[in-house]
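J.: The structure's right below; bear with me while I get my questions together.
The values are calculated or read from the model by the stated rules, or taken from the named source; none is laboratory data. Computed from a prediction, not measured in an experiment: that's the story for all the values here. Here the Cβ is made from the backbone with ideal geometry for all residues, glycine too, and neighbour counts use every protein chain on show. The protein model used for the area step is the full one, side chains on, heavy atoms only, and it has no ligands, DNA or RNA in it. Shrake-Rupley method; radii C 1.70, N 1.55, O 1.52, S 1.80 Å.
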Amino acid sequence: MSGPMRLLAPLLMLAGCQQQEAVVVEDAWVRLPAVAGRPGAAYFTLAAREPQVLTAVATPAAARTELHESMSQGGGMMSMRPLADVAIAPGEPTRFAPGGRHVMLFDMPAGLAPGGTTTLTLRFADGRSIEAQAQLVGAGDASP
């Protein structure tokens with residue numbers, strides 16, 4: 001590599017690194033409620049390049065949202081508790097999935113239908129926000 005190109009190469013590599021997102025959202029989907037007026041749930045997987053703390057998720061598909069976690073109580077019983085936030089470790093996928101962490105979606109508007117999409121806006125403790133498109137899935141339909 002000659003003079004100017006040798007100086008430019010590190011800058012181009014740095015610019016490419018800065019364009020990568022600190023957190024990536026994959027496989028986002030929303031389970032619609034079986035009965036109108038009941039809550040739905042949002043699921044996704046997060047991957048981070050650096051430690052992050054998820055503090056909230058917003059969506060136009062719900063008037064109110066809460067981070068939750070389901071846990072086994074033994075004897076086949078499950079319970080659920082709200083989470084103030086969720087730590088995201090770099091290099092380890094953090095899954096929000098049925099039977100575990102999820103986002104409860106309250107007061108969902110009429111008209112949401114399986115096969116549609118909605119936007120999830122994830123907010124982090126450092127002030128960052130990222131958006132992801134989530135597939136809408138019917139209450140009795142298979143998970144995507």
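J.: Cβ-Cβ under 9 Å, sequence separation 6+ or interchain: first residue in region 29-43 and open to solvent by 70 Å² or more (accessible area, probe 1.4 Å), partner acidic (Asp, Glu) and part of a loop (DSSP other than H, G, I, E, B). Which pairs?
T.: GLY37/ASP107
J.: Okay, next question. Of the residues in region 93-103, how many are open to solvent by 20 Å² or more (accessible area, probe 1.4 Å) and hydrophobic (A, V, I, L, M, F, W, C)?
T.: 1
J.: Which residue pairs have Cβ atoms under 8 Å apart, sit 6 or more places apart or on different chains, and have a first residue in region 127-141 that is within 25 Å of VAL24 (Cβ to Cβ) and a second that is at pLDDT below 95 and not hydrophobic (A, V, I, L, M, F, W, C)?
T.: Here the result reads ILE130/GLU21; GLN135/PRO144; VAL137/SER143; VAL137/PRO144, each pair linking region 127-141 to a residue that is at pLDDT below 95 and not hydrophobic (A, V, I, L, M, F, W, C).
J.: Taking region 80-92 on its own, how many of its residues are open to solvent by 30 Å² or more (accessible area, probe 1.4 Å), outside any loop (DSSP other than H, G, I, E, B) and touching a Ser or Thr at 6+ places or on another chain (Cβ under 7 Å)?
T.: Final tally of qualifying residues: 1.
J.: GLY16: open to solvent by less than 40 Å² (accessible area, probe 1.4 Å) and at pLDDT 95 or above, yes or no?
T.: no
J.: Also: Give region 118-128 a look and list any residue that's exposed (fewer than 14 other Cβ atoms within 10 Å of the Cβ) and in a strand (DSSP E or B), or say none.
T.: Of everything in region 118-128, just one residue is exposed (fewer than 14 other Cβ atoms within 10 Å of the Cβ) and in a strand (DSSP E or B), namely THR119.
J.: Are there any pairs with C-beta distances below 7 angstrom linking a residue in region 103-123 that is free of Cβ contacts under 8 Å to residues at least 24 places away in the same chain to a residue that is open to solvent by 20 Å² or more (accessible area, probe 1.4 Å) and in a strand (DSSP E or B), with the two at least 6 apart or on different chains, and if so which?
T.: Close Cβ pairs satisfying both conditions: THR117/GLN133; THR117/GLN135.
J.: Still on this structure, I have one more. Which numbered condition trips up LEU8, out of (1) open to solvent by 70 Å² or more (accessible area, probe 1.4 Å); (2) at pLDDT 95 or above?
T.: (2)
J.: Against the condition at pLDDT 95 or above and not β-branched (Val, Ile, Thr), how does PRO90 come out, does it pass?
T.: yes
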